[in-house]
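Written out below as C-alpha cells is the structure these notes cover.
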Amino acid sequence: MNKLMLRVLLLTLFAQISASAADTPDNAAKIDKLMSQYADCCSFTGTVLVSEHDKIIFKKGYGLANREWNIPNTPEVKFRLGSITKQFTSMLIMQQVAKGAIKLDGHLSDYLPYYRQDTGSKVVISQLLSHTSGIPSYTDDPKFFPDVSRNYYAVDDFVKKFCSGDLQFAPGTKFHYDNSGYFLLGAILEQVTGKTYEALLR
C-alpha cells in the first residue's frame, strides 16, 4: 500500500467518522484497525493523532521509534521534523516583513553582519525563501550526516562553517533545494528580533 492509497483510506474513514459522533469508541476502533493493518502490511512507523473541533478522539503509536534498541512508538515520542520547519520559518519571516523589520528585497548581509560580504551582498531574502540563492546546501555534502550532524554548533558558528560556501550559480537564476538558505533565514529571525527561533514559534 503506497502513501496515496493510505491517504484515500484515511479520508474515507474520516468521512465516515465525521458523519457520526466523532468521539465514539467505535470510531477509535476503526482508526486503530486501519492503522494496524497498514503497520502490518506496509511497515508504517509513526504516531497517529486525530482530533475534531479541538478534541482529541484518537492517538496511538505504531512500529518502532528506535529499531536499534527496539523502542516502540508512543504518542509521546519526539520526531525529527526536518523540512516541515520550512513552512514555519517562511511564515515567521513574512510576519517580520509585515512589521517592516525585514524586506524581501533586503540583502542577506543587511541582516547578518557576520556573514561574508561578497556573497551576502548579492543574495536577497526572497531568494533564500524560494531556494534560488545559489548558496550551497550543507546537506549536499556527503560527510554532513555521518560526521557533522550530531555535533553542537552555535548559530553563528554553523552559519560560518556550513552556510557560507561560494555561490553555485548567480542568485535568482536557478532553483536548488537549499537547507542552508532556511538555516540562514532562522539565523536572520533571531538576529532581527533578539529572540530564539523557539520563542518566535511560541
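The values are calculated or read from the model by the stated rules, or taken from the named source; none is laboratory data. Here the structure is a predicted model, which means the values were calculated and not measured. Cβ: placed from backbone, ideal geometry, glycine included. Neighbour counts: every protein chain shown.
Residues being within 18 Å of SER180 (Cβ to Cβ), small (Gly, Ala, Ser), surrounded by fewer than 18 Cβ atoms within 10 Å (Cβ to Cβ) and at pLDDT below 95 are entirely absent from segment 89-103.
Kindly check whether there is at least one residue in segment 47-54 that is acidic (Asp, Glu), part of a strand (DSSP E or B) and either more than 30 Å from PHE162 (Cβ to Cβ) or at pLDDT below 90 (or both). Full working, then the answer.
Start the filter on segment 47-54 by keeping residues that are acidic (Asp, Glu), which leaves 52, 54.
Of the ones still in play, those that are also part of a strand (DSSP E or B) are 52.
Then keep just the ones that are either more than 30 Å from PHE162 (Cβ to Cβ) or at pLDDT below 90 (or both); that gives 52.
Within segment 47-54, one or more residues are acidic (Asp, Glu), part of a strand (DSSP E or B) and either more than 30 Å from PHE162 (Cβ to Cβ) or at pLDDT below 90 (or both).
If you go through segment 69-87 and keep only what is within 19 Å of the chain's Cα centre (by Cα) and of a type in the set (Ser, Thr, Tyr), you end up with SER83, THR85. Of all the listed residues (LEU108, LEU92, LEU129, LEU104), the sole one being in contact (Cβ under 8 Å) with a residue 60 or more places away in the chain and over 30 Å from VAL50 (Cα atoms) is LEU108. Can you tell me which residues in segment 24-44 are under 19 Å from ARG80 (Cα atoms) and surrounded by 14 or more Cβ atoms within 10 Å (Cβ to Cβ)? Passing the criteria: only PHE44. Examine segment 64-73 for a residue that is in contact (Cβ under 8 Å) with a residue 24 or more places away in the chain and farther than 28 Å from TYR182 by Cβ, and state whether such a residue exists. Within segment 64-73, none of the residues are in contact (Cβ under 8 Å) with a residue 24 or more places away in the chain and farther than 28 Å from TYR182 by Cβ.
From the list PHE44, PHE88, which one is within 25 Å of TYR197 (Cβ to Cβ) and aromatic (Phe, Trp, Tyr)?
Numbers: PHE44 fails: within 25 Å of TYR197 (Cβ to Cβ).
One residue alone meets the criteria, PHE88.
Residue pairs whose Cβ atoms lie under 7 Å apart, sitting 6 or more positions apart in sequence or on different chains, and linking a residue in segment 35-46 that is more than 18 Å from ASN66 (Cα to Cα) to a partner that is modelled with pLDDT under 85 and loosely packed, with under 14 Cβ neighbours inside 10 Å, are TYR38/MET1; CYS41/MET1. Summed over segment 135-186, residues that are among the hydroxyl-bearing types (Ser, Thr, Tyr) and assigned to a loop (DSSP other than H, G, I, E, B) total 7.
Tally the residues that are farther than 13 Å from GLY181 by Cα and either surrounded by 17 or more Cβ atoms within 10 Å (Cβ to Cβ) or not assigned by TED's automatic domain parsing to the domain that holds TYR182 (or both), restricting the search to segment 111-125.
Step one: filter segment 111-125 for residues farther than 13 Å from GLY181 by Cα, giving 111, 113-114, 116-118, 121-122.
Then keep just the ones that are either surrounded by 17 or more Cβ atoms within 10 Å (Cβ to Cβ) or not assigned by TED's automatic domain parsing to the domain that holds TYR182 (or both); that gives 111, 122.
Number satisfying all stated conditions: 2.
For segment 142-177, the set of residues classified as modelled with pLDDT under 95 and under 18 Å from SER83 (Cβ atoms) consists of PHE144, PHE145, VAL148, SER149, listed by residue number.
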